[in-house]
Amino acid sequence: MFLEPTLKRHKYQPEHQSGWIEVICGSMFSGKTEELIRRLNRALIAKQKVEIFKPAIDTRYNIENVVSHNENTIRSTPINFANDMMLLAGDCDVVGIDEAQFFDEQIVEVCIRLANNGSRVIVAGLDMDFAGKPFGSMPALMSIAEFVTKVHAICACCGGVASYSFRLSSSKEKVLLGEKDTYEARCRSCFNEGLKK
């Protein structure tokens with residue numbers, strides 16, 4: 001069960017609520033997008049103004065919508081560059097960002113600016129790539145976030161707690177979009193064992 005971050009206004013704080021950044025990270029098949037959609041739907045139920053973004057290159061399930069592996073979906077705007085968010089998210093209460101590891105390095109500055117402007121920014125992404133190395137701007141986003149939630153998958157080999165995305169193909173491309181035919185969630189031991197083969 002995830003505890004939703006909530007900030008209560010202290011009696012000496014101004015009426016204007018300051019923003020903050022939440023990061024949801026983990027391996028493939030760990031439920032990152034599922035948790036992002038859950039938090040965004042709660043904001044929509046609360047009648048908050050919400051805008052959701054995803055990288056235009058991610059067309060695995062749908063060209064526009066953010067879709068989880070469990071096929072839950074929420075409307076989103078595909079964009080090519082992180083700075084495009086500043087033009088489209090202006091006065092939003094909540095800004096959701098999926099697959100943040102695929103955005104350019106400006107994503108960090110964009111998230112800071114959105115939060116400084118009073119938005120709650122919820123970011124989901126892979127914290128490690130197929131080689132087990134930090135992925136894109138995710139480490140920087142995790143360091144500036146007020147809240148970080150690391151979710152875990154189940155190891156496809158042993159059933160243990162999985163934190164790694166093991167690539168089943170021999171491709172060494174940094175970005176290779178794929179699903180269960182291309183990746184498996186693995187624990188540290190099974191991930192390392194797979195690298196030896």
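The values are calculated or read from the model by the stated rules, or taken from the named source; none is laboratory data. Here the structure is a predicted model, which is why all the values come from computation and not from measurement. Heads up, the Cβs are rebuilt from the backbone with ideal geometry, glycines too, and the neighbour counts pull from every protein chain shown.
Descriptive notes on the structure:
- Residue in the range 143-151 that is in a helix (DSSP H, G or I) and either touching a Cys at 6+ places or on another chain (Cβ under 9 Å) or not small (Gly, Ala, Ser) (or both) present: yes
- Of the candidates Ser143, Ser169, Ser163, the single residue that is in contact with a His (Cβ under 9 Å, 6 or more places away or on another chain) and not basic (Lys, Arg) is Ser163.
- Filter result for Asp127 (charged (D, E, K, R) and closer than 20 Å to Arg167 by Cβ): yes
- Every residue from the range 1-31 that is charged (D, E, K, R), at pLDDT below 95 and within 21 Å of the chain's Cα centre (by Cα): Glu4
- Among residues of the range 175-188 that are among the aliphatic types (A, V, I, L, M) and modelled with pLDDT of 60 or more, those with a beta-carbon under 7 Å from a residue that is surrounded by 14 or more Cβ atoms within 10 Å (Cβ to Cβ) and in a loop (DSSP other than H, G, I, E, B) at least six positions away or on a different chain give the pairs Leu176/Thr182; Ala185/Ser27; Ala185/Met28; Ala185/Phe29; Ala185/Ser30; Ala185/Cys155; Ala185/Ala156.
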